[in-house]
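J.: Have a look at this one.
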Amino acid sequence: MRVELQRIVDAVAAHAGRPALIEDRRQRVVVYSEQTGTVDEVRRASILRRQTVPEVIAWLRDFGIADARAAVRTPACPELDLLPRLCVPVRHHDLLLGFVWFIDPDGTMADVDLAATGLLKELSLALYRENLLGELAAQSEAEAAWTLLADSPDTRDQAVRALLEAGMIAADGPRIALVARLVAPRQRQPDERARIALEQSLVAARRRAGTREALHLVRHDHGVLLLPAEPSAGRPTPEVAARHLDDDLQHVTRSLGSVERTVVGVGRTRPRLADVVESYGEALHAARIGAQLPTLGRVVLWSGLGIYRVLARLGEQQLTVADVHPGLARLLPVPGNQALLATLERYLDLAGNAHATAAELRLHRTTLYYRLQRIEELAGTDLKDGAERLCLHLALKLARLTGHHRPEG
């Protein structure tokens, strides 16, 4: 199939008298002719990465290329290092299959009538077959990957066998899950451009690990990457893979208004692929906690969450701050209590060490004791009681996790 597409793109380039590049409908590079003459950074990067970055996709789609039935001219964009282009949409019975792109730096290129040559029909049929085969393979793999995250052990075992028999993975063995989460502003959902950016990052991470060694899928609010956990020559460790994935996400989402920031959660290793659902659950919780608590950083390991591991599990049972300590729950909604709450949290974080707390918060010891006394009065508690201190500390961390306690800094 690729041989046929290569023949067609070479014929298209010869007919137009300049280099051509063909993308699928999601603007992933399918095939391209010899690149001679003026080439911009966008063309070079697309060929190297086999895909167009989201900010360029967003720029080009603003000119209606996805809805066009005829050639579309797009202007230059110096900020993206993008030269003017001529875009010919490729359709099969009105179904958008992809695009043919020509760089037109000086605007002298005449409209290309590929339909008259028969090349457009050839290309649409070839892309349709390529798209159909690709979609079937991708759907089959995605279904198996989804099944790996199912509840039934027997179902998961069947999914592993199916992946092995189809050659989608090379072998079974220890696996670890990474979850990439896009945090949208004001609790909105990331848009389609953000989801494309997410999938591009997952695909890049998968290539680094080996396409037959890893699996990925995109769910409604996050992406999943299932990686081999054992070290191998030329393959990054899961920790390094997580950092690379984070770097990719930062790069592809930096100009997307629908993404405020990104978080990568990392689960623990499981001995075989059928058990990776447990690692996925951990990575998902780590990413969700990281989305709620930016101070944890952009890459969050489940094993490093400390007390938040417990609180995340308890949160599934609808545990509230009032359940843990009713007195503290009364203090949280009052804006004037923020200094008291911050003092209490640091005091408990430092195991009740008044000297260290006063020094870190730059308070006079008398001021610290006054604040602690006020907390005891307002919350109806006794800081000399170990059980009370434990409940207060847990309640404060749960309030952070649920967004009810957001101290500055």
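J.: Scan the range 207-225 and give yes if some residue there is surrounded by fewer than 19 Cβ atoms within 10 Å (Cβ to Cβ), among the small types (Gly, Ala, Ser) and in a strand (DSSP E or B), otherwise no.
T.: Within the range 207-225, none of the residues are surrounded by fewer than 19 Cβ atoms within 10 Å (Cβ to Cβ), among the small types (Gly, Ala, Ser) and in a strand (DSSP E or B).
J.: Okay, next question. Name the residue, out of Ala312, Ala387, that is at pLDDT below 90 and more than 39 Å from the chain's Cα centre (by Cα).
T.: Unique residue meeting the criteria: Ala387.
J.: I've got another one for you. Out of the range 371-409, which residues are of a type in the set (A, V, I, L, M, F, W, C), part of a helix (DSSP H, G or I), free of Cβ contacts under 8 Å to residues at least 60 places away in the same chain and buried (at least 17 other Cβ atoms within 10 Å of the Cβ)?
T.: Answer for the range 371-409, where residues must be of a type in the set (A, V, I, L, M, F, W, C), part of a helix (DSSP H, G or I), free of Cβ contacts under 8 Å to residues at least 60 places away in the same chain and buried (at least 17 other Cβ atoms within 10 Å of the Cβ): Leu372, Ile375, Ala379.
J.: I want to confirm something. Restricting to the range 221-273 and keeping residues that are of a type in the set (S, T, N, Q) and over 22 Å from Ala197 (Cα atoms), which single residue is modelled with the lowest pLDDT?
T.: Across the range 221-273, the extreme among qualifying residues is Ser232.
J.: Could you go through the range 32-44 and let me know if any residue there is free of Cβ contacts under 8 Å to residues at least 12 places away in the same chain, β-branched (Val, Ile, Thr) and more than 22 Å from Arg207 (Cα to Cα).
T.: For the range 32-44, residues free of Cβ contacts under 8 Å to residues at least 12 places away in the same chain, β-branched (Val, Ile, Thr) and more than 22 Å from Arg207 (Cα to Cα): absent.
J.: Looking only at the range 54-94, count every residue that is modelled with pLDDT of 90 or more, small (Gly, Ala, Ser) and within 26 Å of the chain's Cα centre (by Cα) and tell me the total.
T.: 0
J.: If a residue has to be surrounded by fewer than 17 Cβ atoms within 10 Å (Cβ to Cβ) and over 11 Å from the mean Cα position of the chain (by Cα) to count, how many in the range 245-259 make the cut?
T.: 3
J.: Additional query: Quick check on this structure: which one of Ala242, Ala204 is over 29 Å from Arg2 (Cα atoms) and either in a helix (DSSP H, G or I) or not basic (Lys, Arg) (or both)?
T.: That would be Ala242, the only listed residue that is over 29 Å from Arg2 (Cα atoms) and either in a helix (DSSP H, G or I) or not basic (Lys, Arg) (or both).
J.: Can you find a residue that is more than 30 Å from Arg254 (Cβ to Cβ) and of a type outside the set (Ser, Thr, Tyr) anywhere in the range 207-221?
T.: Looking for residues that are more than 30 Å from Arg254 (Cβ to Cβ) and of a type outside the set (Ser, Thr, Tyr), one finds at least one in the range 207-221, hence yes.
The values are calculated or read from the model by the stated rules, or taken from the named source; none is laboratory data. No experiment lies behind these values; they were computed from the predicted model shown. Cβ coordinates were reconstructed from backbone atoms using ideal geometry, including for glycine residues, and neighbour counts include every protein chain displayed.
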